[in-house]
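Here is the structure we will look at, set down as structure tokens.
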Amino acid sequence: MSKKVYDVAIIGAGIVGTMTAFYLSKYNVNAVVLEAGIDIASGTTRANSAVIHAGYDAPEGSLKAKLNVKGAKMVGPIAKQLGVHYKKCGSLVLGYNKKDLNQLKILLVRGKKNGVRGLEILTQSQLRKMEPNVSRDAKYALYAPSAGIVCPYDLAYALGENSCTNGVDYIFEYKVDKIEKNQRNYLLYSNNRVVKAKYVVNAAGLYSDEIAEMLGDPLPFKIIPRRGEYLLLDKCEGKVVTHTLFVTPSEKGKGILVSPTVDGNVLVGPNANVVESKADTGVTVEGVREISEGARGIVPSINLNTVITTFAGVRSTPTSGDFYIQESKKFPRFVHAAGIESPGLASSPAIGEYIIKILDRAGLKMEEKEDYIPTRTKDGNCKLFMDMTESEKRNAVRKDPHYAKIVCRCEMVTEGDIINAIKRPIPAHTIDMVKRRTRAGMGRCQGGYCRAKVAEIIARELNIKISDVKKFTSNSNVIGGRTK
């Protein structure tokens, strides 16, 4: 058993866990993030709509509303600080009839009370001027200019790298399976390993209810797992819309959307179906059909033949309808951050700050660091070759010839990018880790051209056999045996 005692242990390396670590790393606090998966953003953060919601949805006065509106304003500056792609593209909620119009008016009033600026209801002509390809059946739209888009896992990686650079430890494949408490500390077990900490933040997402029960402090509501399926369209379809387009929301949520992505693709989805297993991320024929019909109802001309991949994520839907972020009443210094469904991504900066304030009130000593590093790495070297200026590209190739070798033609990812990803503060050591950090394999061919070369580079840089290279999880070897 290790004698080390952390000041704070965060359970979960999704967007809430990494955002909390990001803020904690600004202080002289000894912190650790415990993640059941093999990487940051292994759960819901990896597969969601990537939208920074403006804040008109949540009921007035709810914690969700307050943190959404505040957090949405914070995402842009954080993204700029950490070199993450972010775009304030605005959103449009479409109305097709008088009933929808009445609902849009309710959202307008609610949004204004929540503090969302710039909201207005557009006429059909105003809507079509903004989005020429939108359905002619759409007669109205609620316009929210403050809404935006971001790559959720890239943001989580950036937060993780920055906090790691500033001293936060990350332990992966650490699924907490038992919690004990002595007079001073919490003991968090995983397969007979133990991490000790004075304070704990339960940011386990879908599994936050299980963590609470393990502690002996059940949440005052249930978490319902809802699966959302998505279609990702090729960049050739990237200009079919310029705003995030929603239909008028229902009891299931915000409904199917059609949205641009920060990387130039188009995202379509999700549906919202209750599933028995929290790990059920399968894509179904029925789901694809449902999403396709919904997308055509928004943009009839959308070319769904350009789909390059499908995926699904499972969100944690609380029966309470609101975020639950508070210190346990039974167990001091243990903070629950549960029921974080949409707009959790948009709210995450404000959620992180909110958790820090709870820890402060609970007695955590908060002394700001004098040597805080604001970038993702000590040397700031995290920019991908595709994002560099021409002079930056020339300098990169001059310093490291690996940047002159294109590995992924679809996304123009270089060998230098891949090596850099393998050597970053939280290193990539699987095919999918490299893919999500560099976009190698995310283009039209979905890795058909570059996957073998990526595996070869990983094997070389980590000095392992290529047959030991994994796709993502520890039992997903890319090569099963000898090849010619």
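No lab work stands behind these numbers, since they all come straight from the coordinates. This one's a predicted model, so the numbers in the text were calculated from it and none came from an experiment. So basically every Cβ, Gly included, is an ideal-geometry build from the backbone, and we count neighbours across all protein chains shown.
The listed peptides 135-142, 281-288, ordered by packing as a protection proxy, come out as 135-142, 281-288 (highest mean of other Cβ atoms within 10 Å first).
Under the criterion of Cα pairs below 8 Å and six or more residues apart, the relative contact order for the chain equals 19 percent. Normalised by the number of residues in the stretch 166-289, the mean separation of alpha-carbon contacts (under 8 Å, six or more apart) gives a relative contact order of 19 percent. With both labels modelled 7 Å from their Cα along Cα-to-Cβ, the Arg444 to Glu213 distance reads 4.9 nm. Along the stretch 368-384 the Karplus relation, 6.51 cos²θ - 1.76 cosθ + 1.60 evaluated at θ = phi - 60°, assigns HN-Hα couplings of 5, 6, 8, 10, 4, 9, x, 9, 5, 10, 4, 9, x, 7, 9, 6, 6 Hz to successive residues, with x for each Gly and Pro.
For the stretch 74-112, the residues whose backbone nitrogen is under 15 Å from a point 7 Å from the Cα of Met386, taken along Cα to Cβ, are 84-86. Taken over the stretch 385-468, the percentage of Cα pairs per 5 Å bin, counting from 0 up to the bin with the maximum distance, is 3, 16, 27, 25, 18, 8, 2, 0. Rounded if a/c is under 1.5, else prolate if a/b beats b/c, else oblate: with a ≥ b ≥ c from the C-alpha gyration tensor eigenvalues square-rooted, which is the chain? Taking the square roots of the gyration eigenvalues as a ≥ b ≥ c, the chain is oblate.
Applying Stokes-Einstein at 10 °C and 1.306 mPa s to the Kirkwood radius of the stretch 310-416, computed over alpha-carbon pairs, gives a translational diffusion coefficient of 86 µm² s⁻¹. Average projection, convex hull of the Cα set of the stretch 1-133: 11.7 square nanometres. Here the spin labels are modelled as points 7 Å beyond Cα on the Cα-Cβ line, and at Asp169 and Arg289 they lie 5.2 nm apart.
Cβ crowding within 10 Å ranks Lys278, Lys99 as Lys99, Lys278, fewest other Cβ atoms first. For the stretch 385-468, the relative contact order works out to 24 percent when only alpha carbon pairs closer than 8 Å and six or more residues apart are counted. What shape does the stretch 8-75 take by its C-alpha gyration tensor, where a ≥ b ≥ c are the square roots of the eigenvalues and a/c under 1.5 counts as rounded, a/b above b/c as prolate, and the rest as oblate? Note, shape of the stretch 8-75 comes out oblate. Provide, for the stretch 385-468, the number of lysine pairs with alpha carbons under 16 Å apart, each pair being eight or more places apart or on different chains. Step by step, the pairs that qualify in the stretch 385-468 add up to 5.
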